[in-house]
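Below is one structure, written out as structure tokens, with a few remarks after it.
The values are calculated or read from the model by the stated rules, or taken from the named source; none is laboratory data. Quantities reported herein were computed from a predicted structural model and do not represent experimental measurements. In this analysis, Cβ positions are derived from the backbone assuming ideal geometry, glycine residues included, and neighbour counts consider all displayed protein chains.
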DNA sequence: AAGACGGGGGG
DNA sequence: CCCCCAGTCTT
């Protein structure tokens, strides 16, 4: 069927002939343009699941190498289930949103314990697992089990908001209901995973956030935003940006008898479960050295001598930015205890690479190296 | 319904 | 700089 000569009204997708025509265009375009990605070569539910979790809020180019390495390290769901959490976090190091890794392993343990290691084959069953929300449940259930659930990720929401000219916030229920209805209308009898991936791919490569390539779009003739708006890219409506506070943060490179002190961040918050050079936020009317002494006492119960600042790096998070000041420091007195951290260790410097460490702390290490020094120098001096 | 949660790439 | 990415969880 040819595309309609006139852009149809909002109900066009409920016309089965129109929906079928649009679906054929999408699938044909996907057949020609789909990228050869590692997870598309696999029909292992565990591998598809891993890819979907890694791709949450993460670009394909970033996730790709992590996916390959993770699968080598944990080839099956059983390997993941029995692994130590630290090993899993280490494999996730640098990818961000570390609760994804922890939830992935929790879910793996549930699946092994309760489902004989087989992933649930329904949307509802998948949704019940930790780390699997509406998008991921729809993606896995369609790609692996051919279930007809539209997968509304950021790409698909953008495509559908424009196609249907939805003016509301796509995260809110009214717009979501419209998008789910449209996705279901587009769903084929079989091959639902391809339809979902076609919409995702279209959003990622053609229906771009700021400069949509409407001339290359296979369904441009169905697009209400294209037909009715001067600038289709005003959709979807974006929630207003929030400003990011900037913090001064200290970290101690603390030595004692040739060992280095590292602390594990507590569960629930930022970078939960990762290991870092201990320290914390500077408070008003407080010097950086005072800040570091106070934080180390509060977190670990020991008194330290703070020496000179040996590195200073800037780092951006989604919701805040920091300047991280690293100081050389020496243990003076007190018994080390995990008061405001999950755990601590006095380690040999060479063992640092066994621990999952936040990006900002890696930046400190790089700054030391760039300055011609090394962690080893600071731990073994005096 | 709103905020927290990492890090990085592209315009 | 700003946007936003194959979102989920908590409150």
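Looking at region A:26-49, is at least one residue over 14 Å from the mean Cα position of the chain (by Cα), at pLDDT 95 or above and outside any helix (DSSP H, G or I)? Taking every residue of region A:26-49 in turn, at least one turns out to be over 14 Å from the mean Cα position of the chain (by Cα), at pLDDT 95 or above and outside any helix (DSSP H, G or I).
From the residues in region A:50-62 that are part of a loop (DSSP other than H, G, I, E, B) and at negative phi, which one is farthest from DNA strand B (Cβ to nearest atom)? My answer is A:55.
Pairs, please: C-beta under 6 Å, at least 6 apart or cross-chain, first residue in contact (Cβ under 8 Å) with a residue 60 or more places away in the chain and in region A:200-215, second within 14 Å of DNA strand B (Cβ to nearest atom)? Final answer for the pair search is A:204/A:155. Only residues that are surrounded by 15 or more Cβ atoms within 10 Å (Cβ to Cβ), in a helix (DSSP H, G or I) and within 13 Å of DNA strand B (Cβ to nearest atom) were counted across region A:319-364, and they come to 5.
Within region A:289-314, the residues that satisfy the criterion of being buried (at least 18 other Cβ atoms within 10 Å of the Cβ) and in contact (Cβ under 8 Å) with a residue 40 or more places away in the chain are A:291, A:292, A:295, A:296, A:299, A:300, A:304, A:306, A:310, A:311, A:313.
For region A:79-92, filtered to residues that are touching a residue at least 24 places away in the same chain (Cβ under 8 Å) and under 23 Å from residue A:127 (Cβ atoms), the residue that is surrounded by the fewest Cβ atoms within 10 Å (Cβ to Cβ) is A:81.
Applying the set (1) assigned by TED's automatic domain parsing to the domain that holds residue A:351; (2) surrounded by fewer than 17 Cβ atoms within 10 Å (Cβ to Cβ); (3) free of Cβ contacts under 8 Å to residues at least 40 places away in the same chain to residue A:241 leaves exactly one unmet item: (1).
Of the residues that sit in region A:158-175 and are part of a helix (DSSP H, G or I) and within 15 Å of DNA strand B (Cβ to nearest atom), which one is farthest from residue A:22 (Cα to Cα)? Outline the logic, then answer.
From region A:158-175, those part of a helix (DSSP H, G or I) are A:158-163, A:173-175; that's our starting set.
Next cut, within 15 Å of DNA strand B (Cβ to nearest atom) only: A:158, A:173-175.
Working: A:158: 17, A:173: 25, A:174: 23, A:175: 20 Å.
The residue in question is A:173.
Would a scan of region A:247-266 turn up a residue that is free of Cβ contacts under 8 Å to residues at least 40 places away in the same chain and within 13 Å of DNA strand B (Cβ to nearest atom)? Within region A:247-266, not a single residue is free of Cβ contacts under 8 Å to residues at least 40 places away in the same chain and within 13 Å of DNA strand B (Cβ to nearest atom). Going by the structure shown, is residue A:95 at pLDDT 95 or above and surrounded by 15 or more Cβ atoms within 10 Å (Cβ to Cβ)? Criteria met by residue A:95.
Of everything listed in (1) within 12 Å of DNA strand C (Cβ to nearest atom); (2) in a loop (DSSP other than H, G, I, E, B); (3) touching a residue at least 40 places away in the same chain (Cβ under 8 Å), the single unmet condition for residue A:129 is (3). Take the residues in region A:176-195 that are without any contact (Cβ under 8 Å) to a residue 24 or more places away in the chain and within 16 Å of DNA strand B (Cβ to nearest atom); name whichever of them is farthest from residue A:13 (Cα to Cα). Filtering region A:176-195 for residues that are without any contact (Cβ under 8 Å) to a residue 24 or more places away in the chain and within 16 Å of DNA strand B (Cβ to nearest atom), the one farthest from residue A:13 (Cα to Cα) comes out as A:177.
Residue A:77 meets each of the listed conditions (1) modelled with pLDDT under 95; (2) touching a helix residue (DSSP H, G or I) at 6+ places or on another chain (Cβ under 7 Å) apart from (1).
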